[in-house]
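Novice: This is the structure, below, for whatever I ask next.
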Amino acid sequence: MASSVSSLIGTDPRGEPRLPNGGPLGLLSTARWDKRRSADRRLNRFYRIGAGLMGLFLVVFGVLGITRNIGMFSTGDNEVLGLNTNGALSWLSVLVGLALGVSMLVGGNFASTFCLALGVVFVLSGFVHLAVLNTDANVLNFRMSDVLFSYGLGLVLLTIGMYGRVSGRLPHDNPYWRARNPAMARNQERRDAMVARRRGELSSVWRENDRKRLRRREADEHARRQGVTAGRRGSGE
């Protein structure tokens, strides 16, 4: 099934499959993070900043709701930052925001996967609360603004979690590309090591040649000066 899905989607312009081995589930494969690689550091920083900002907003929203002493399951008009809320939704927002803060501290695969999963939860929550809007089952006191916010935040979290992970044209220094293509990644690392070693050798040769040219120039200059001095002495005699 996975191979048939991959064959339907095809390959990218570089001839690589748009989906990793194992089909769509392969997109959830974990990666090894190397702090020495700039690509790994950039991607990890993006996940952390994204999760931290979303978590901060939810915590602020929840704390503002809690400080207003709204009933736990109140169904009245209780607006905070343009969204309707109650005690239960405020405390839930704080807990989810703190969880995003933890994922920010951990970073890497955990932050990416957590944002992906939480994004799905928020989008599904939007559909569920849209269905129970204006009914007794709406225990979190959602209004249409909350439903739209749930959709929007879910999509933002999905984007954060999928960034640098869900694509058919990941660069070869990407940690998820290396995790999905271990054999090609090892070959790429060997080629990079050979190139770096060769560059080092060439740099050493060039530096040595520069030193030789400098010594020859200094020797020629010294000989020229000695010749000039000897000529002046001969003229004086």
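The values are calculated or read from the model by the stated rules, or taken from the named source; none is laboratory data. Since the model is a prediction, treat every value here as computed from it, not as a measurement. Virtual Cβ from ideal backbone geometry, glycine too; neighbours counted across all protein chains shown. Accessible surface areas use protein heavy atoms only, side chains included; no ligands, DNA or RNA. Shrake-Rupley method; radii C 1.70, N 1.55, O 1.52, S 1.80 Å.
Novice: With segment 106-192 as the region, which helices (runs of 4 or more DSSP H) entirely inside it contain at least 1 residues that are in contact with a Gly (Cβ under 9 Å, 6 or more places away or on another chain) and at pLDDT 85 or above? Lay out the reasoning, then the answer.
Specialist: Working: elements: 108-131, 144-162, 175-180.
So the answer is 108-131, 144-162.
Novice: Can you pull out every residue in segment 75-87 that is out of contact with any Gly (no Cβ under 7 Å at 6 or more places or on another chain) and either at pLDDT 90 or above or farther than 17 Å from residue 147 by Cβ (or both)? Break it down stepwise before answering.
Specialist: Taking segment 75-87 first, the residues out of contact with any Gly (no Cβ under 7 Å at 6 or more places or on another chain) are 75-79, 81-84.
Passing the criteria: only 76.
Novice: Follow-up question, since we're still on this one. Does segment 37-51 contain at least one residue that is open to solvent by less than 30 Å² (accessible area, probe 1.4 Å), in contact with a Leu (Cβ under 7 Å, 6 or more places away or on another chain), modelled with pLDDT of 90 or more and not in a strand (DSSP E or B)? I'd like the intermediate steps shown before the answer.
Specialist: The initial filter retains those residues of segment 37-51 that are open to solvent by less than 30 Å² (accessible area, probe 1.4 Å), namely 39-40, 43, 47, 50-51.
With in contact with a Leu (Cβ under 7 Å, 6 or more places away or on another chain) added as a condition, the list becomes 51.
Next cut, modelled with pLDDT of 90 or more only: 51.
Right, trim to not in a strand (DSSP E or B) and you get 51.
Within segment 37-51, one or more residues are open to solvent by less than 30 Å² (accessible area, probe 1.4 Å), in contact with a Leu (Cβ under 7 Å, 6 or more places away or on another chain), modelled with pLDDT of 90 or more and not in a strand (DSSP E or B).
Novice: Right, here's the next one. Check residue 72 against each of (1) farther than 24 Å from residue 105 by Cβ; (2) of a type in the set (A, V, I, L, M, F, W, C); (3) open to solvent by 30 Å² or more (accessible area, probe 1.4 Å); (4) in a helix (DSSP H, G or I) and name the one condition it does not meet.
Specialist: Here residue 72 clears every test but (4).
Novice: Name the single residue, out of those in segment 107-138 being open to solvent by 80 Å² or more (accessible area, probe 1.4 Å) and under 27 Å from the mean Cα position of the chain (by Cα), that is farthest from residue 43 (Cα to Cα).
Specialist: 124
Novice: Follow-up. Please verify whether residue 90 is among the polar types (S, T, N, Q), buried (at least 17 other Cβ atoms within 10 Å of the Cβ) and in contact with a strand residue (DSSP E or B) (Cβ under 9 Å, 6 or more places away or on another chain), treating the condition exactly as stated. Can you show your working first?
Specialist: Details: among the polar types (S, T, N, Q): yes; buried (at least 17 other Cβ atoms within 10 Å of the Cβ): yes; in contact with a strand residue (DSSP E or B) (Cβ under 9 Å, 6 or more places away or on another chain): yes.
When the stated conditions are applied, residue 90 passes them.
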